[in-house]
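Asks: Take a look at this one; I'll ask things after.
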Amino acid sequence: MTERTIDLRNQPLSPPGPYLPPAPPQRKKNPPASGGAQPSGKKYLLQWSALEYAPRERGPYWFLPPSAVALAFVIFGILIQSWFFTAFVILALFVILLYARRAPREYRFAVAKEGVYIGNTLHRFSELKSFWIIETVQPPELSLETTRRLHPYLHLPLGDLHPNKIKSVLSGLLPEQEHKEFFTDQIARSIGF
């Protein structure tokens, strides 16, 4: 039995033939939700812009309550010798303090026949289950229930848009169903986010 040895030093580096990996599909960018000229043929049923959260005046000692809670959790983490938990609490406090320093961003929203735009991202009506207007907060928010399990709700601030206007547009496209607020949303709102 003879063994055949292939000398790879003399072989071309690329595989023979016209094989090329398939190119990723080209995705068209969604049109902006407001501002500027609309692309041809694109009509929005409703569009508005709003700040992601209402700006809040913070006093010079606003950081003390969250820091005190974080310190209590750090002490607890040290006592039970959970270093990962302790590092997580310190990192979370750092992120909250940094996030509180920046000004709220302005987002553009639009409702079109195919779905709801948040900036340039389209959320198709096939991915949405229902809507609800949360009027207990200022400014009111549009809550959209999605089909995703990890993040089932989208909250869109309405800014100066009257809630009845969005209800009249969405009522023919999605069912209106009351959405419960998560505890985390209430906490974020109470500290100004």
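The values are calculated or read from the model by the stated rules, or taken from the named source; none is laboratory data. Quick caveat: nothing in here was measured; it's all calculated off a predicted structure. Please note: Cβ atoms are built from the backbone with ideal geometry, for glycine as well, and neighbour counts cover all protein chains shown. Areas reflect the complete protein model, heavy atoms only, side chains present, ligands, DNA and RNA absent. Shrake-Rupley method; radii C 1.70, N 1.55, O 1.52, S 1.80 Å.
Asks: With a 1.4 Å probe and all protein chains left in place, how much accessible area per residue does the range 69-193 have, in Å²? Let's see the in-between values first.
Replies: Numbers: 7960 Å² over 125 residues.
Using a 1.4 Å probe on heavy atoms only, each residue of the range 69-193 averages 64 Å².
Asks: How high is the relative contact order of the range 60-166, in percent, with contacts defined as C-alpha pairs under 8 Å that are six or more residues apart? Numbers along the way, then the final one.
Replies: On the way: 102 pairs, mean separation 13.0, N = 107.
Once normalised by length, the contact order is 12 percent.
Asks: With a cut-off of 20 Å, note down the residues of the range 131-171 whose backbone N falls inside the zone around a label point 7 Å from the Cα of Lys43 toward its beta carbon.
Replies: Inside the label zone: 165-171.
Asks: Classify the range 56-193: rounded, prolate or oblate, from the alpha-carbon gyration tensor (a ≥ b ≥ c, eigenvalue square roots; a/c under 1.5 rounded; otherwise prolate if a/b is larger than b/c)? Write out the running numbers ahead of the final one.
Replies: Details: a/c = 2.69, a/b = 1.99, b/c = 1.35.
Judged from the Cα gyration tensor, the range 56-193 comes out prolate (a/c at least 1.5, a/b above b/c).
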